[in-house]
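*Asks:* The structure under discussion is supplied below as structure tokens; questions concerning it will follow.
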Amino acid sequence: MSKIRRIRIKPKRNSAAASLSGAALTERETTVSRITLYSYNSESYFVNFVSNALQLKLLLKENKSLTHWIDFRGEVKHEFLEFFELEFNIHKLVTDDITHTYQRPKLDEYNDYLFATSRMLYVNPELEIENEQISFLLMPKILVSFQVDCTDCIDRVIPILEQGKGIIRTGGTSYMMYSLMDAVIDNYFTLIFKLGDELETIEELLYRKPDKSIMFKIQDIKRAMIMVRRAAWPERDKLNDMLRSESSLIHFETKTFLKDAYDHCMQLIDLVESYKDITTSLIDMNLSIVSNRMNEIMKVLTIISSIFIPLTFIAGVYGMNFAYQDPKTGNVLHNNMPELYAENGYVYTIVAMFFISVLQIIWFWRKGWLKS
């Protein structure tokens with residue numbers, strides 16, 4: 001019936017990485033699936049895969065003149081969080097927000113860096129909706145992104161960076177962060193359009209054959225719309241905060257592109273509100289159709305019952321079996337159903353019942369009760 005089988009919100013994870021204030025780690029150390037360092041400027045572009053914090057520190061030191069994007073995929077090990085805290089004076093509350101991946105989209109401004117989070121919604125290979133956090137650390141020459149799952153939702157930025165299209169290599173780290181956030185917002189549109197296709201399919205099925213499963217499907221889609229709305233509204237507020245920010249880390253030229261992303265968020269919110277209204281109307285339509293079908297069934301049963309009421313009355317009257325003659329005295333009881341002993345009484349009764357039924361059907365038909 002549909003393209004998305006089940007709506008599932010990704011469960012929250014309790015990160016094993018402790019805060020960097022000296023608290024002990026749990027026995028289960030978190031692992032990093034992939035760390036990629038993209039170093040570039042207007043003329044150069046390098047890609048390095050990093051395995052430990054020391055290697056990352058050396059690569060950053062060797063290429064101080066380049067702009068860097070550090071892409072973390074998977075849960076972050078304690079050593080990397082400690083490296084960022086000590087090397088770049090990142091506050092421990094920020095590292096806690098990175099490891100506890102249930103933050104709402106927001107922007108936090110600090111003296112030497114900015115911290116931002118977004119919610120990334122996408123459909124996984126099992127056709128279920130995932131809700132994942134992506135975090136950003138914005139510094140003058142370094143942008144760090146963190147996402148728990150190794151998804152490819154923001155990978156469309158990599159070919160643009162590799163080919164040096166537009167101002168992605170010259171716009172600084174703020175433009176790179178805008179590009180990643182814009183990719184996240186584009187995923188919202190992809191998800192919303194898929195849900196819109198689902199609503200169109202459900203609307204067609206409602207006209208053909210409504211049933212209880214369609215109601216559950218509509219509720220799932222409405223729940224997904226609420227999920228997108230919860231992500232889009234704070235995302236819009238975060239972009240507005242970036243536009244109003246006076247931090248030198250966000251270049252003036254980047255704010256022009258942020259305005260476009262802000263407009264996209266507004267369009268997304270309008271779409272979500274429209275689709276939510278459609279889901280509500282589909283629920284009402286389903287209830288109305290089911291109610292009308294029940295009324296049609298009750299009408300048919302009522303007509304059948306109405307036809308059999310006089311027939312049952314006749315059968316009940318002649319089923320009383322009062323004797324026509326007193327068995328003791330032999331006297332004839334003229335008021336006790338002489339028809340019971342009529343030679344063709346049964347035939348006459350059946351014919352009479354038939355004609356009564358035909359007359360009732362004709363009368364119901366003229367009243368329009370037999371029309372669908």
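*Asks:* Taking into account only those residues within segment 190-218 that are without any contact (Cβ under 8 Å) to a residue 24 or more places away in the chain and part of a loop (DSSP other than H, G, I, E, B), which is nearest to Leu121 (Cα to Cα)?
*Replies:* Across segment 190-218, the extreme among qualifying residues is Asp211.
*Asks:* Then there is this: Condition first: in contact with a Ser or Thr (Cβ under 6 Å, 6 or more places away or on another chain) and part of a helix (DSSP H, G or I). Can you find one or more residues in segment 303-311 that meet it?
*Replies:* Yes; the residues of segment 303-311 include at least one that is in contact with a Ser or Thr (Cβ under 6 Å, 6 or more places away or on another chain) and part of a helix (DSSP H, G or I).
*Asks:* Checking Glu126 against (1) part of a strand (DSSP E or B); (2) under 25 Å from the mean Cα position of the chain (by Cα); (3) not basic (Lys, Arg), which single condition isn't satisfied?
*Replies:* (1)
*Asks:* Same structure, new question: If the requirement is being within 24 Å of the chain's Cα centre (by Cα) and either in contact (Cβ under 8 Å) with a residue 60 or more places away in the chain or outside the structural domain of Leu127 (by TED's automatic domain parsing) (or both), which of these qualifies: Val272, Val290?
*Replies:* From the options Val272, Val290, the qualifying one is Val272.
*Asks:* Additional query: Here are some residues: Gly171, Gly196. Which one is under 25 Å from Tyr40 (Cα atoms) and among the small types (Gly, Ala, Ser)?
*Replies:* Exactly one residue qualifies, and that residue is Gly171.
The values are calculated or read from the model by the stated rules, or taken from the named source; none is laboratory data. Everything numeric in this text was worked out from a predicted model, so none of it was measured. Here Cβ is always computed from backbone atoms with ideal geometry, including for glycine, and neighbour counts include all displayed protein chains.
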